[in-house]
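The values are calculated or read from the model by the stated rules, or taken from the named source; none is laboratory data. The shown structure was predicted, so the numbers you read here are calculated from the model rather than taken from an experiment. With ideal geometry, Cβ positions are generated from the backbone for all residues, glycine too; neighbour counts draw on all protein chains shown.
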Amino acid sequence: MKFLTDNLMDVLTFLVFPKEHHRKIHSTNVLERFNKEVKRRTKVIGAFPGDNSVLRLLVPLAVETNAKWLDRKYVSWDNLVQSGNAEEEFTENF
């Protein structure tokens with residue numbers, strides 16, 4: 001309970017953003033999906049001969065994933081411009 005009370009503001013940071021983004025940024029599901037894909041692809045190879053071989057495999061995956069996220073407009077970055085009173089609104093709610 002002490003940890004939760006000490007870190008409540010960090011846990012609820014997503015509430016500072018516009019309401020239309022809350023559903024998309026309140027969890028790490030998108031990042032976990034990406035990490036699962038990295039694990040799946042690296043498991044097939046097993047052992048890599050060097051750092052460059054890992055990069056040759058993972059950089060295109062990261063670029064491809066980034067392009068998908070940008071195409072889907074996962075979050076409209078134009079709406080994320082924070083107003084000066086965003087923190088005040090956040091603290092008023094909690």
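Taking segment 31-50, which residues are farther than 21 Å from Asn66 by Cβ and part of a helix (DSSP H, G or I)? Lys43, Val44, Ile45 - these are the residues of segment 31-50 that are farther than 21 Å from Asn66 by Cβ and part of a helix (DSSP H, G or I).
Only residues that are in contact with a helix residue (DSSP H, G or I) (Cβ under 6 Å, 6 or more places away or on another chain) and among the hydroxyl-bearing types (Ser, Thr, Tyr) were counted across segment 1-16, and they come to 0. Restricted to segment 31-61, and to residues there that are among the β-branched types (Val, Ile, Thr) and either touching a Pro at 6+ places or on another chain (Cβ under 8 Å) or surrounded by 10 or more Cβ atoms within 10 Å (Cβ to Cβ) (or both), the residue that is modelled with the lowest pLDDT is Ile45.
When both residues are 6+ apart or on different chains and their Cβ atoms are under 6 Å apart, which pairs have a first residue that lies in segment 54-80 and is under 19 Å from Val44 (Cα atoms), and a second that is in a loop (DSSP other than H, G, I, E, B) and modelled with pLDDT of 60 or more? From residues that are under 19 Å from Val44 (Cα atoms), the pairs are Val54/Phe48. Among the residues of segment 67-86, are any of a type outside the set (Lys, Arg), modelled with pLDDT of 85 or more and assigned to a helix (DSSP H, G or I)? Scanning segment 67-86 turns up at least one residue that is of a type outside the set (Lys, Arg), modelled with pLDDT of 85 or more and assigned to a helix (DSSP H, G or I). Considering segment 1-30 alone, what residues qualify as being surrounded by fewer than 10 Cβ atoms within 10 Å (Cβ to Cβ) and in a helix (DSSP H, G or I)? Across segment 1-30, the qualifying residues are Lys2, Phe3, Leu4, Thr5, Asp6, Asp10, Lys19, Arg23, Asn29.
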